[in-house]
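The values are calculated or read from the model by the stated rules, or taken from the named source; none is laboratory data. The structure displayed is predicted, hence computed values, not measured ones. When we count neighbours, we look across all protein chains shown, and the Cβ atoms used for this are built from the backbone with ideal geometry, even at glycine. The area values use the complete protein model at the heavy-atom level, side chains included, leaving out ligands, DNA and RNA. Shrake-Rupley method; radii C 1.70, N 1.55, O 1.52, S 1.80 Å.
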Amino acid sequence: MAALPPARILAIETSCDETACAVVENGRTLLASTVASQMDMHARYGGVYPEVASRQHILSILPVIEQTLAQAHLALSDLDVIAVTRGPGLAGSLVVGLNTAKGLALGANIPLVGVNHLEGHIYSAWVYDGPPKGDNAGENPPPEPQFPLMALLVSGGHTELNLMESHLKYKRLGATLDDAAGEAFDKVARLLQLGYPGGPAIQKSAEEGDPAAINFPRAWLDGRWDFSFSGLKTAVLREVKRLEGEGKPIPAANMAASFQAAVVDVLFTKTLKAARQFGAKAILVAGGVSANRALRQAFLSQKEFPVHIPPLSLCTDNAAMIAAAGYFRYALGQRDGMEIDVLPTWPLS
Ligand code: KG4
Ligand code: ZN
């Protein structure tokens, strides 16, 4: 894309259990980001309780927007565009963000751009902390991902491998046939009684364990780019039952480490193979599971492809990623009207 227009975008994200707002300039420079997590409220249910999430978004959304604008030292009149997540996600949660975004766009008389949450995750890799704050602040922004780009999206609800030939164009090569990677982390954490959310809990426990302790199965699904994690989850369950049956203690750390190693092995190996086969110039990894240290290390320790992984704070749900994706959509001419509705089921491609 040549000569993109400058734009300061405020984005809102309420697809699940985080109420988030951010301001990003030109799709890359982060000026402010706020994420109000409802994690503690849902932890007692062992997962997100939709009705609770929606009510909490209503309470949090305006303070979160005010805090973000204050942090950026900006007023509504300083903004050029409002971007918002339309889906996929929980309808009752999405509707709070979308209606608030419509109100802001109407009030400020600026364009509204609806964004796909999965596209947001991918574009989180474009965002960097702008000067004067942040670890990578400075004159030169980090390099932009180059196309063709092999993009691995690994979140709580989705696991897919997409070939991007250019901005906003996705060729889905494969996806999970059963559980998403994050979902597998969450379910196995529950099996091992490590708590919620499962990803960070497994990672923490795995640090005390041996990844080679148990040789859990890897579903390679040769000849296709899809993934499957339910067999692995069942193997963990079987091992837990076997040990329980024998009256033995569950070596949770070794099981967590061995499970994590199996997931990372498949995600890393298949993505690298696809990048080679499709002549990618770079690899992108995004979504909640891209926060996983073992997964990041696997990708960052190879030198064959440049790798783009968002900073930790932008791996899980946030609004900066929605602003970034919204920017590229805005630059392409997308403008949405007040009639747009939420899209709880909305595939990327
Ligand atoms: O992208 P995300 O915040 O929400 C969705 O759009 O789904 O992803 C949440 C998922 C959860 O399943 C969580 O357990 C997982 O990301 N996750 C992790 C880690 N941090 C979050 N999985 C593995 N290791 C982590 N450090
Ligand atoms: Zn997400």
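Would a scan of region 244-259 turn up a residue that is of a type in the set (Gly, Ala, Ser) and open to solvent by 40 Å² or more (accessible area, probe 1.4 Å)?
Within region 244-259, one or more residues are of a type in the set (Gly, Ala, Ser) and open to solvent by 40 Å² or more (accessible area, probe 1.4 Å).
Does residue 206 satisfy the criteria of being more than 16 Å from ligand 2 (Cβ to nearest atom), surrounded by 23 or more Cβ atoms within 10 Å (Cβ to Cβ) and not acidic (Asp, Glu)? Working first, answer last.
On the way: more than 16 Å from ligand 2 (Cβ to nearest atom): yes; surrounded by 23 or more Cβ atoms within 10 Å (Cβ to Cβ): yes; not acidic (Asp, Glu): yes.
For residue 206, the condition - more than 16 Å from ligand 2 (Cβ to nearest atom), surrounded by 23 or more Cβ atoms within 10 Å (Cβ to Cβ) and not acidic (Asp, Glu) - is met.
Out of the residues in region 35-59 meeting the condition of being in contact with an Asp or Glu (Cβ under 9 Å, 6 or more places away or on another chain) and either among the aromatic types (Phe, Trp, Tyr) or over 20 Å from residue 95 (Cβ atoms) (or both), tell me which one is surrounded by the most Cβ atoms within 10 Å (Cβ to Cβ).
Checked region 35-59; the qualifying residue surrounded by the most Cβ atoms within 10 Å (Cβ to Cβ) is 49.
Just checking, how many residues over region 150-168 are of a type outside the set (Ser, Thr, Tyr) and open to solvent by 20 Å² or more (accessible area, probe 1.4 Å)? Walk me through it before giving the result.
Here is the first cut: in region 150-168, the residues of a type outside the set (Ser, Thr, Tyr) are 150-154, 156-158, 160-165, 167-168.
If we keep only those that are open to solvent by 20 Å² or more (accessible area, probe 1.4 Å) as well, we get 156-158, 165, 167.
Of the residues in that region, 5 qualify.
Can you report the number of residues in region 273-316 which are within 16 Å of ligand 2 (Cβ to nearest atom), in a loop (DSSP other than H, G, I, E, B) and either among the small types (Gly, Ala, Ser) or surrounded by fewer than 20 Cβ atoms within 10 Å (Cβ to Cβ) (or both)?
So the answer is 2.
Taking strands (runs of 3 or more DSSP E) that do not extend beyond region 1-70, which have at least 3 residues that are β-branched (Val, Ile, Thr)? Full working, then the answer.
Numbers: elements: 8-13, 18-25, 29-37.
Once the strands (runs of 3 or more DSSP E) in region 1-70 are filtered for at least 3 residues that are β-branched (Val, Ile, Thr), what remains is 18-25, 29-37.
Taking region 40-61, which residues are β-branched (Val, Ile, Thr) and within 20 Å of residue 319 (Cβ to Cβ)?
Of all residues in region 40-61, those β-branched (Val, Ile, Thr) come to 48, 52, 58, 61.
Selection gives 48, 58, 61.
Could you go through region 319-327 and let me know if any residue there is assigned to a loop (DSSP other than H, G, I, E, B), assigned by TED's automatic domain parsing to the domain that holds residue 38 and crowded, with 23+ Cβ neighbours inside 10 Å. It would help to see each step written out before you state the result.
First pass over region 319-327, keeping only residues assigned to a loop (DSSP other than H, G, I, E, B): 319.
Narrowing the set further to residues that are assigned by TED's automatic domain parsing to the domain that holds residue 38 leaves 319.
From the residues that got through so far, the ones that are crowded, with 23+ Cβ neighbours inside 10 Å too are 319.
The answer is yes; a qualifying residue exists.
Does any residue in region 212-239 that is basic (Lys, Arg) come within less than 7 Å, Cβ to Cβ, of a residue that is at pLDDT 95 or above six or more places away or on a different chain, and which pairs are these?
Note: pairs meeting the criteria are 218/262; 218/265; 218/266; 224/174; 233/179; 233/184; 233/187; 233/188.
For residue 29, are the conditions met, namely being touching a residue at least 12 places away in the same chain (Cβ under 8 Å), in contact with a helix residue (DSSP H, G or I) (Cβ under 7 Å, 6 or more places away or on another chain), within 17 Å of residue 314 (Cα to Cα) and of a type in the set (S, T, N, Q)? Working first, answer last.
On the way: touching a residue at least 12 places away in the same chain (Cβ under 8 Å): yes; in contact with a helix residue (DSSP H, G or I) (Cβ under 7 Å, 6 or more places away or on another chain): no; within 17 Å of residue 314 (Cα to Cα): yes; of a type in the set (S, T, N, Q): yes.
Criteria not met by residue 29.
Residues to consider are 68, 85, 100; find the one that is open to solvent by less than 20 Å² (accessible area, probe 1.4 Å) and either at pLDDT below 95 or in contact with a helix residue (DSSP H, G or I) (Cβ under 9 Å, 6 or more places away or on another chain) (or both).
When all the criteria are applied, what remains is 85.
Which strands (runs of 3 or more DSSP E) does region 118-232 wholly contain that include 2 or more residues that are within 16 Å of ligand 1 (Cβ to nearest atom) and not assigned by TED's automatic domain parsing to the domain that holds residue 42?
Fully inside region 118-232 and qualifying: 149-154, 159-164.
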